[in-house]
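The values are calculated or read from the model by the stated rules, or taken from the named source; none is laboratory data. Please read all numbers here as calculations on a predicted model, not as lab measurements. Glycine also receives a Cβ, built like all others from the backbone with ideal geometry; neighbour counts cover every protein chain displayed. Each accessible area value is taken on the protein alone, full model and side chains, heavy atoms only, with ligands, DNA and RNA left out. Shrake-Rupley method; radii C 1.70, N 1.55, O 1.52, S 1.80 Å.
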Amino acid sequence: MDGVGVLVDGFGRVGDLVHGVLDGLGEDELTARLGPEANTIAWLVWHLARVEDAQVAHLAGTDQVWHAQGFADRFALPFDRDATGYGQSPGQVAQVRAEPALLAAYADATRAATDAYLARLQDEDLARVVDERWDPPVTVGVRLVSVLGDVLEHAGQAAFVRGVVTSR
């Protein structure tokens with residue numbers, strides 16, 4: 001398996017994790033907090049999709065699914081339309097409320113955009129530098145691995161929260 005194939009496999013696993021987390025949950029579980037400042041399942045799933053969407057769209061030179069497919073309007077969140085969740089306060093985390101079907105639809109649409117981008121890549125594309133502000137400079141491959149790690153981390157956090165809130 002080549003480098004792009006590994007990325008395709010890795011990103012493909014996120015969708016199954018997200019659907020497993022969301023399956024059968026209602027608003028109470030989606031917005032439950034394990035502590036007063038803890039992230040909710042709704043925020044974690046929204047955030048992981050926003051991060052993947054924004055980062056992959058930038059690499060691909062395409063519009064974010066969030067805007068292009070109307071998810072910003074459908075979610076109607078009370079903060080900047082370009083927000084991805086980075087640096088949000090506990091109060092802002094609590095404002096992310098959405099039905100599981102909408103969260104899944106956005107995650108799925110983002111995954112489709114990621115899959116389309118990965119399908120265009122060849123292994124040599126992974127070495128293209130996309131950010132020279134770092135030493136060493138960040139390449140497409142490094143950025144995609146970083147995004148994949150981030151979204152898997154948040155999917156795992158959401159699965160953990162689900163396990164706690166559904167066992168109460």
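Full-extension gain between residue 125 and residue 81, please, as 0.36 nm times their residue separation minus the C-alpha to C-alpha distance.
Once the chain is fully extended between residue 125 and residue 81, it gains 12.8 nm.
Taking the square root of 5 times each eigenvalue of the Cα gyration tensor, what semi-axes in Å does the equivalent ellipsoid of the chain have, largest first?
Its equivalent ellipsoid spans semi-axes of 28, 17, 15 Å.
Would you work out which of 57, 79, 21 lies farthest towards the positive end of the dipole of region 11-146, given +1 charges on the beta-carbon of Lys and Arg and -1 on that of Asp and Glu, about the Cα centre?
79
Mind listing the phi-derived Karplus ³J(HN,Hα) values for region 134-142, rounded to whole Hz, using 6.51, -1.76 and 1.60 with θ = phi - 60°, and x for any glycine or proline?
Whole-Hz 3J(HN,Hα) from phi for region 134-142: 10, 10, x, x, 7, 9, 4, x, 5.
Only helical DSSP H runs with n ≥ 4 go in: add -39500 (n - 2.57) per run for the chain, normalise by residue count and round the 222 nm mean residue ellipticity to 500 deg cm²/dmol.
Result for the chain: -20000 deg cm²/dmol, rounded to the nearest 500.
Just to check I understand the Karplus step: with θ = phi - 60° and J = 6.51 cos²θ - 1.76 cosθ + 1.60, what whole-Hz values come out for region 86-93, glycine and proline as x?
4, x, 6, 7, x, x, 5, 4
Can you give me the long-range amide H partners of residue 139? Hydrogens built in the peptide plane at 1.01 Å from N, cutoff under 5 Å, separation of 5 or more residues or another chain.
130
Of 146, 3, 136, which is farthest along the charge dipole of region 3-166 in the positive direction, counting Lys and Arg as +1 and Asp and Glu as -1 at C-beta?
Of 146, 3, 136, it is 146.
Could you work out what % of the accessible surface of the chain is carbon and sulfur, using a 1.4 angstrom probe and leaving DNA, RNA and ligands out of the count?
Here carbon and sulfur together make up 52 percent of the probe-accessible area.
About its Cα centre, how strong a charge dipole does the chain have in debye, to the nearest 20, once Lys and Arg get +1 and Asp and Glu get -1 at the Cβ?
380 debye
Evaluate the relative contact order of region 38-157 (contact order divided by residue number), counting alpha-carbon pairs under 8 angstrom at least 6 apart; express in whole percent.
37 percent.
Roll a 1.4 Å probe over the protein chains and send me the accessible area per residue for region 3-166 in Å².
48 Å²
Label point 7 Å out from residue 63 along Cα-to-Cβ: which residues of region 93-110 have amide N under 20 Å?
Those under the cut-off are 105-110.
Please list, in order along region 49-54, the HN-Hα scalar couplings obtained from phi with the Karplus expression 6.51 cos²θ - 1.76 cosθ + 1.60 (θ = phi - 60°), rounded to whole Hz, x for Gly and Pro.
3J(HN,Hα) across region 49-54, in whole Hz: 6, 5, 4, 4, 4, 5.
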